[in-house]
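I have placed the structure first, in the form of C-alpha coordinates, so that the comments after it can refer back to it.
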Amino acid sequence: MDWCCFSMIGVIMRKVFLIFGFMLLVGCQSAAQFERNMLTWRGQSIDAMVQQWGYPQGELTSPDGNRVYVYSSSGSYNVPQTTTYNTTSNLIGNTIYSNTYATTDGGYTLHFSCSVYVEFGADKIIKNVTWRGNNCVA
(Lines give C-alpha, C1' and ligand atoms only; values in the text may rest on other atoms or scores of the structure.)
Protein backbone atom coordinates (compact mmCIF):
# COMPACT_ATOMS: atom_id res chain seq x y z
CA MET A 1 0.00 0.00 0.00
CA ASP A 2 1.31 3.45 -0.87
CA TRP A 3 2.34 6.00 1.74
CA CYS A 4 -0.46 8.32 0.58
CA CYS A 5 -3.05 5.66 1.42
CA PHE A 6 -1.72 5.34 4.97
CA SER A 7 -1.78 9.12 5.28
CA MET A 8 -5.40 9.24 4.08
CA ILE A 9 -6.42 6.52 6.55
CA GLY A 10 -4.78 8.54 9.35
CA VAL A 11 -6.76 11.65 8.40
CA ILE A 12 -10.01 9.68 8.30
CA MET A 13 -9.32 8.02 11.66
CA ARG A 14 -8.57 11.39 13.30
CA LYS A 15 -11.89 12.74 12.01
CA VAL A 16 -13.75 9.66 13.28
CA PHE A 17 -12.17 9.99 16.74
CA LEU A 18 -12.94 13.72 16.86
CA ILE A 19 -16.58 13.13 15.97
CA PHE A 20 -16.87 10.24 18.46
CA GLY A 21 -15.27 12.33 21.21
CA PHE A 22 -17.62 15.23 20.54
CA MET A 23 -20.66 12.92 20.65
CA LEU A 24 -19.44 11.41 23.92
CA LEU A 25 -19.05 14.86 25.51
CA VAL A 26 -22.49 15.98 24.31
CA GLY A 27 -24.01 12.76 25.69
CA CYS A 28 -22.37 13.34 29.08
CA GLN A 29 -23.62 16.92 29.19
CA SER A 30 -27.16 15.76 28.38
CA ALA A 31 -27.02 13.10 31.10
CA ALA A 32 -25.68 15.66 33.60
CA GLN A 33 -28.46 18.09 32.66
CA PHE A 34 -31.02 15.30 33.08
CA GLU A 35 -29.70 14.63 36.59
CA ARG A 36 -29.91 18.32 37.49
CA ASN A 37 -33.48 18.47 36.16
CA MET A 38 -34.53 15.40 38.15
CA LEU A 39 -32.98 16.61 41.41
CA THR A 40 -34.93 19.89 41.21
CA TRP A 41 -38.16 17.90 41.70
CA ARG A 42 -37.19 16.92 45.26
CA GLY A 43 -39.33 18.88 47.69
CA GLN A 44 -41.90 19.76 45.00
CA SER A 45 -45.52 18.63 44.87
CA ILE A 46 -46.25 15.39 43.01
CA ASP A 47 -49.32 17.13 41.58
CA ALA A 48 -47.03 19.68 39.89
CA MET A 49 -45.02 16.87 38.32
CA VAL A 50 -48.14 15.07 37.10
CA GLN A 51 -49.38 18.33 35.64
CA GLN A 52 -46.11 18.75 33.71
CA TRP A 53 -45.30 15.11 32.85
CA GLY A 54 -48.78 13.60 32.65
CA TYR A 55 -49.97 10.43 34.35
CA PRO A 56 -47.32 7.79 35.13
CA GLN A 57 -47.13 4.42 33.37
CA GLY A 58 -47.04 2.60 36.70
CA GLU A 59 -47.15 2.89 40.47
CA LEU A 60 -45.28 1.02 43.22
CA THR A 61 -45.09 1.13 47.00
CA SER A 62 -41.68 1.61 48.60
CA PRO A 63 -40.64 -0.50 51.63
CA ASP A 64 -41.35 2.45 53.97
CA GLY A 65 -44.88 2.87 52.60
CA ASN A 66 -44.29 5.81 50.27
CA ARG A 67 -45.85 5.76 46.82
CA VAL A 68 -43.61 5.64 43.75
CA TYR A 69 -44.75 6.80 40.31
CA VAL A 70 -42.95 5.19 37.38
CA TYR A 71 -42.46 7.07 34.11
CA SER A 72 -41.00 4.99 31.28
CA SER A 73 -39.98 5.57 27.70
CA SER A 74 -38.25 3.33 25.19
CA GLY A 75 -37.43 3.16 21.54
CA SER A 76 -35.11 1.68 18.99
CA TYR A 77 -33.14 2.78 15.96
CA ASN A 78 -32.21 0.52 13.07
CA VAL A 79 -28.71 1.27 11.83
CA PRO A 80 -28.76 0.53 8.11
CA GLN A 81 -26.10 -1.70 6.66
CA THR A 82 -23.62 0.13 4.44
CA THR A 83 -20.67 -1.11 2.43
CA THR A 84 -17.70 1.08 1.57
CA TYR A 85 -15.30 0.12 -1.19
CA ASN A 86 -11.69 1.35 -1.16
CA THR A 87 -9.48 0.82 -4.18
CA THR A 88 -5.75 1.37 -4.33
CA SER A 89 -3.88 1.35 -7.62
CA ASN A 90 -0.22 1.22 -8.59
CA LEU A 91 1.18 1.82 -12.05
CA ILE A 92 4.18 -0.35 -12.77
CA GLY A 93 5.46 0.07 -16.28
CA ASN A 94 2.44 -0.07 -18.56
CA THR A 95 0.37 -2.15 -16.13
CA ILE A 96 -2.02 -0.94 -13.45
CA TYR A 97 -2.36 -3.15 -10.40
CA SER A 98 -5.28 -2.47 -8.10
CA ASN A 99 -6.78 -3.90 -4.95
CA THR A 100 -10.33 -3.28 -3.79
CA TYR A 101 -11.34 -3.74 -0.17
CA ALA A 102 -14.93 -3.79 1.01
CA THR A 103 -15.88 -2.75 4.54
CA THR A 104 -19.40 -3.42 5.77
CA ASP A 105 -20.87 -1.73 8.82
CA GLY A 106 -24.31 -1.42 10.38
CA GLY A 107 -27.20 -3.82 10.01
CA TYR A 108 -28.12 -3.81 13.69
CA THR A 109 -30.64 -2.22 16.04
CA LEU A 110 -29.92 0.10 18.98
CA HIS A 111 -32.40 -0.04 21.86
CA PHE A 112 -33.00 2.95 24.14
CA SER A 113 -34.89 3.14 27.43
CA CYS A 114 -35.33 5.31 30.49
CA SER A 115 -37.44 4.71 33.60
CA VAL A 116 -37.87 7.45 36.20
CA TYR A 117 -39.03 6.55 39.73
CA VAL A 118 -40.61 9.40 41.71
CA GLU A 119 -41.13 8.67 45.42
CA PHE A 120 -43.50 10.81 47.49
CA GLY A 121 -45.16 10.60 50.89
CA ALA A 122 -48.70 11.06 52.17
CA ASP A 123 -48.09 14.82 52.14
CA LYS A 124 -47.70 14.56 48.31
CA ILE A 125 -44.19 16.03 48.47
CA ILE A 126 -41.52 14.34 46.32
CA LYS A 127 -38.91 12.70 48.56
CA ASN A 128 -36.63 11.11 45.96
CA VAL A 129 -36.20 10.74 42.20
CA THR A 130 -34.13 7.93 40.68
CA TRP A 131 -33.74 6.62 37.13
CA ARG A 132 -32.40 3.70 35.14
CA GLY A 133 -31.64 3.21 31.49
CA ASN A 134 -29.33 4.17 28.66
CA ASN A 135 -31.43 7.07 27.36
CA CYS A 136 -32.02 9.23 30.45
CA VAL A 137 -30.87 12.48 28.86
CA ALA A 138 -32.16 16.05 28.79
Next on the checklist: Suppose we keep only residues that are part of a strand (DSSP E or B) and of a type in the set (Phe, Trp, Tyr) within region 33-72. Which one would you say is surrounded by the fewest Cβ atoms within 10 Å (Cβ to Cβ)?
Outcome noted: Tyr71
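Out of the residues in region 123-135 that are among the basic types (Lys, Arg) and part of a strand (DSSP E or B), state the one that is modelled with the highest pLDDT.
My answer is Lys127.
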Checklist outcome for this item: Flagged in region 40-71 as basic (Lys, Arg) and within 18 Å of Arg132 (Cβ to Cβ), in numbering order, are Arg42
Checklist entry - Going through region 89-122 one residue at a time, which ones are under 30 Å from Ala48 (Cβ atoms) and either in contact with a Lys or Arg (Cβ under 7 Å, 6 or more places away or on another chain) or part of a strand (DSSP E or B) (or both)? => result Phe112, Ser113, Cys114, Ser115, Val116, Tyr117, Val118, Glu119, Phe120, Gly121
Checklist entry - Of the residues that sit in region 78-88 and are assigned to a strand (DSSP E or B) and in contact (Cβ under 8 Å) with a residue 24 or more places away in the chain, which one is surrounded by the most Cβ atoms within 10 Å (Cβ to Cβ)? => result Thr88
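The values are calculated or read from the model by the stated rules, or taken from the named source; none is laboratory data. The model shown is predicted, which means the values in this text are computed figures rather than measured ones. No Cβ is skipped: glycine too gets one built from the backbone with ideal geometry, and neighbour counts run over all protein chains shown.
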